[in-house]
Structures are given as structure tokens and as C-alpha cells.
Amino acid sequence: MAKKKPLHKPEPTDGSLKSTGSPKGIVILVQFTDSTFKVSDPRTEYTNYMNKTGYSSYCNQGSCRDYYIDNSDSAFKPTFDVYGPVTLSHKESYYKDNPGLAATDACTKLNDTIDFSDYDNDNDGFVDFVYVFFAGMGASDGGNTSSTIWPCSGYALQTVLLDGVTISHYAISNEANGASGQKGNFKLDGIATFCHEFGHVLGLPDIYSVNGTASNTPGGWDEMDVGCYNTGSNTSCGNTSTCPPNFTAEERYTLGWLTPAKLASSASTQVLPSVNNNKAFKLCATGDTTEFFMLENRQQSGWDAGIPGHGMLIWHIDYSASIWEANTVNDTSSHQYADIEEASGSTSSSGAASFPGTAKVTKFTKFTTWGNVTLKPSIYNITENNGVIYFTTDSSIKITGINNDIANMSVKKFQIIVKGNKLLIKTSVSGEKNLYLYGLNGQLLKTEKLTAAQSSVSLDKIGLGLKGMVIARLTSDGKLLAQESITLP
């Protein structure tokens with residue numbers, strides 16, 4: 001079973017855990033003869049940690065399930081069944097260089113408790129994954145590196161067959177947070193460590209330098225880099241990893257959760273709401289599916305509360321199957337395969353990496369591939385207003401008259417789709433609603449009354465005679481339900 005490949009290439013058929021649907025997963029709490037859990041009632045705590053909506057113990061931003069539902073725009077709704085604690089027959093150091101054995105030993109001990117066939121969600125003969133939380137600190141976070149386990153994900157060297165299915169794919173991480181554990185003040189490690197390792201279960205690579213020789217990787221902007229140590233606005237607990245940053249637009253694209261819009265070369269004004277709205281732009285050479293640029297908007301709120309800055313990030317992705325599968329994406333300083341084009345012009349992905357950002361950079365003209373081909377269009381007049389990014393693809397076009405109310409598109413509670421000459425509108429809100437269409441300068445273009453939860457509005461009836469981007473605003477009883485940017489054909 002090979003690691004799942006990104007969607008930049010054809011969809012894999014290797015039996016990896018699918019990143020859509022509502023799969024069930026196994027989580028096992030593991031102790032050793034020399035290390036036991038410090039958290040009281042570990043099974044209850046970890047059940048909440050994994051699944052409880054709005055989980056906030058130990059200053060966490062939410063539960064692991066919350067994170068994946070939010071980032072997938074509800075396309076992926078896993079549930080996690082927690083078992084244990086189970087005490088293995090050896091000291092932790094016994095498993096230090098073979099953590100997969102800890103996972104399979106734990107499964108063997110629990111064979112009378114768990115029907116492992118229930119966790120083969122795709123019926124391919126393999127348990128999709130087993131996640132292990134082990135007692136104490138990890139080697140990556142303050143534990144004794146000579147005797148403790150480094151959190152990781154992989155395939156066990158010694159597989160086991162239980163209940164007719166093979167157990168091989170595992171991930172493992174620590175109970176205690178090193179930032180507090182070293183001080184003798186126990187805190188549960190934040191959910192971001194799990195979210196990072198589970199990202200590997202879904203097929204995402206590390207974005208930090210695995211071999212430690214390259215510097216200036218995306219850092220705190222990326223959950224698959226050191227963003228897995230981010231904290232949110234509540235830092236009173238003294239631990240880290242409590243607020244994993246949103247997966248990047250490229251990672252969501254890889255997992256099938258986001259379809260980026262093409263950055264067209266025709267002169268236009270573009271609107272880019274926060275990545276929370278699952279919106280992004282992609283620019284690539286014609287016919288090239290492996291090297292491209294991805295534009296996303298990141299704001300310091302929610303899961304992104306702990307990122308280094310806010311504004312638009314421009315990612316340069318150079319997908320190579322061998323590099324991704326070897327998990328060496330950013331191991332070479334001279335050629336990073338998932339790189340941020342920093343607004344500041346430096347190589348540091350700090351708060352100055354975003355546009356306009358602290359460097360106040362309002363244009364980008366160097367969409368240059370590794371083959372030294374500069375792609376068009378360039379972008380100009382980059383503006384950030386109420387958490388929304390605006391830019392133009394022609395330097396002569398000016399952005400004026402932005403309506404602050406219309407610019408606020410952070411909430412997505414309805415769906416509006418352009419299909420042929422119709423607008424298809426879906427909302428869970430009953431009763432009469434009003435649909436307003438605005439130009440990018442805030443000018444009201446058209447109003448339509450809607451009654452059904454799902455409505456179809458003819459563009460011919462609206463009679464705008466317009467093409468391109470407009471802002472759709474849905475209200476009920478004078479209250480704003482949600483807003484969305486749409487492109488009319």
C-alpha cells in the first residue's frame with residue numbers, strides 16, 4: 001500500500017483512506033511498563049478531544065473532527081472510536097525505532113475487544129488506519145530522544161491479521177505537551193499534532209525540511225510544517241499545538257476539497273474571500289498539471305488565529321511524484337517544491353510573506369516557473385478590505401468604492417451555483433428571502449425574492465446583461481444570511 005498521491009496526478013487506487021465521506025477510525029491509548037497516562041480518565045478525555053464539537057479543554061480551538069469538517073467544507077466527517085488505555089509488555093524505548101510495532105502490539109492485545117473488520121471502510125482487506133496516543137512526551141517535543149518515540153505516520157514493518165483484515169497503516173503521537181511537560185506542569189498535547197499526522201494518513205507530505213538541511217520553508221502558515229505548533233488567542237494554558245492552521249488551498253485541492261478558479265488573462269477585477277470559503281485561484285502553463293501557482297487568502301481568525309500574518313499568499317508548487325512519495329518536498333533549499341512567493345522579496349515566510357502584508361506590496365509580476373517561463377497575467381492593485389482580497393489583472397484598472405458591508409464574505413451559509421443561464425440557490429433557511437446582486441464597486445444591480453429553500457433564478461429574467469464577477473447577498477427579515485462572489489457566464 002503506497003502513500004496516496006496528490007490529485008495533481010490521476011486519482012490513486014492504492015487503498016489509502018479516502019478524504020471524503022464519514023469513515024470510522026480506531027484510536028488506541030497506549031502505556032508502557034515505564035510510562036503511564038497522566039491525564040485523568042484518559043478514554044473520556046480523548047473521546048472528547050477527537051470528536052466533541054467545540055472542544056476547548058487545554059485551550060484547544062476545537063476537536064480533531066471539528067478541524068477536518070471545517071477544512072473539508074463538510075466533505076469529510078470522520079468519527080474516531082477510542083480504546084484503552086492498554087499497557088504493552090515493554091518499556092517505551094523498546095519501540096523507539098519501530099513505532100509501528102507499538103500499534104500492532106496494541107491491536108493484538110485488544111483483539112477480543114475490537115472487531116477490526118469494522119474499520120476497513122472501503123472493504124479492501126486493510127484497516128484504513130490505527131492511530132496511537134502514547135503516554136508521556138514525544139521525542140520531537142521535549143522527550144528524551146534516546147528513549148522516547150518520535151510522532152510519525154507509516155506502515156508497520158510487521159503486519160498482523162485480525163478479524164480477517166490486515167493492520168499495517170498507523171500513526172502515532174504523544175500525550176504530554178513538551179512546552180509544559182518540561183516544567184513539571186502537565187498539559188495535554190494540543191490537537192494540531194494529531195491533525196498533522198492524520199494529514200499523512202490522508203496522503204499529505206511534510207512541508208518542513210525533513211532532513212533538516214533546508215531553511216525558510218512555509219513555517220507557521222502550514223499545518224504540515226511547524227504550523228502544527230501554533231496556538232490560538234487563548235494561550236493561558238501554557239501548551240502549544242492547540243490551534244492548527246487551516247490546510248492550504250493546495251492541500252485542500254490535493255485532497256479533493258477545493259477546486260480553484262483559473263486565473264484568467266483577460267483584464268478584470270478579482271475577489272478572493274478567506275480560504276474558509278474554499279476559494280482560491282490557480283495559474284499554470286497550458287497543459288501543465290504539475291507546476292502551478294496557487295493564490296489564497298489567509299486571515300488571523302478561527303483555525304488561522306496563530307498564523308504569522310494575514311492577506312494573500314502566493315504558492316509555487318512543483319509536483320513530482322518521486323519527491324512527494326519520498327516525503328522530501330522541501331529538503332533542498334535551492335529548489336523547494338512547495339514554496340511561498342514572499343511579498344517582501346525575502347526567503348522568510350514571516351508576516352511579511354503575504355500581500356499586501358506588512359511590506360505593503362500591491363503587485364506581483366513574477367509568476368516564473370523553474371524552467372524560467374513567466375506566466376501571465378500579472379496581478380496589480382492588491383487590496384485587503386475587511387478580510388477580503390481584491391486585485392486586478394491589468395495595471396490600468398483601479399479598485400474603487402469598495403462597500404465594506406459587501407466586502408465581508410467570511411460566513412458561508414448557503415450555496416449559489418451558476419449553471420448555464422440559471423442561478424441555483426440552496427439554503428437551509430425557510431421563509432421568504434431576498435437575493436441581492438452587487439457590482440464590485442458596491443452598486444446594487446438587481447433584487448430577487450425567493451421563497452423555497454432551493455430556488456432557480458433565470459439569468460435571462462434578471463436581465464443584467466453582464467459578465468464576470470458580482471457579489472450575491474442573501475437576506476431574511478433584514479438580516480444577512482451569507483454572501484458569495486460568483487462569476488456570470
- Query: What is the Rg over Rh value, at two decimals, for the range 41-162, using alpha-carbon atoms and the Kirkwood definition of Rh?
  - Reply: 0.97
- Note on the structure: Footprinting proxy, Thr374, Thr286: sorted fewest to most Cβ within 10 Å, the residues are Thr286, Thr374
- Give me the distance between the Cα centres of the range 46-111 and the range 224-282, rounded to whole Å. 24 Å
- Tell me, what ³J(HN,Hα) does each residue in the range 326-331 have, in order and in whole Hz, if you take phi through Karplus 6.51 cos²θ - 1.76 cosθ + 1.60 with θ = phi - 60° and put x for Gly and Pro? 7, 6, 10, 4, 10, 8
- What are the ³J(HN,Hα) values, in whole Hz, obtained from phi via the Karplus relation 6.51 cos²θ - 1.76 cosθ + 1.60 with θ = phi - 60°, for each residue of the range 348-358 in sequence order, with x given for Gly and Pro? 8, 8, 8, x, 7, 6, 8, 10, x, x, 5
- Message: Within a 10 angstrom radius of the beta carbon, how do Val127, Val373 rank from fewest other beta carbons to most?
- Response: Val373, Val127
- For the range 249-403, the Debye formula with one identical point scatterer on each Cα and no solvent gives log10 I(q)/I(0) at q = 0.16 Å⁻¹ as -0.91
- Task: For the range 19-84, just the Cα atoms, rotate onto the principal axes and tell me the three extents in Å, largest first.
- Result: 42, 24, 15
- Which value in Å is the Kirkwood Rh of the range 54-123 over different Cα pairs? 15.0 Å
- Are any of the pairs Lys398/Lys449; Lys360/Lys433; Lys262/Lys426 more than 29 Å apart by Cα-Cα distance, and if so, which? Lys398/Lys449; Lys360/Lys433
- Message: Report the Cα centroid-to-centroid distance between the range 326-373 and the range 190-213 in angstrom, as an integer.
- Response: 20 Å
- Send over the Kirkwood Rh of the range 218-296, from the inverse of the averaged 1/r over different Cα pairs, rounded to one decimal Å. 14.4 Å
- Eligible aspartates and glutamates near Lys376 by straight Cα distance, threshold 13 Å, same-chain separation 8 or greater: Asp394
- Quick note on Arg65, Arg298, Arg43, ordering by fewest other C-beta atoms within 10 Å, gives Arg43, Arg65, Arg298
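Every number here is computed from the coordinates shown, using simple stated rules; none is lab data. None of the values given here were measured: they were computed from a predicted structure. Positions of Cβ are generated from backbone atoms using ideal geometry, with glycine treated the same way; all protein chains shown enter the neighbour counts.
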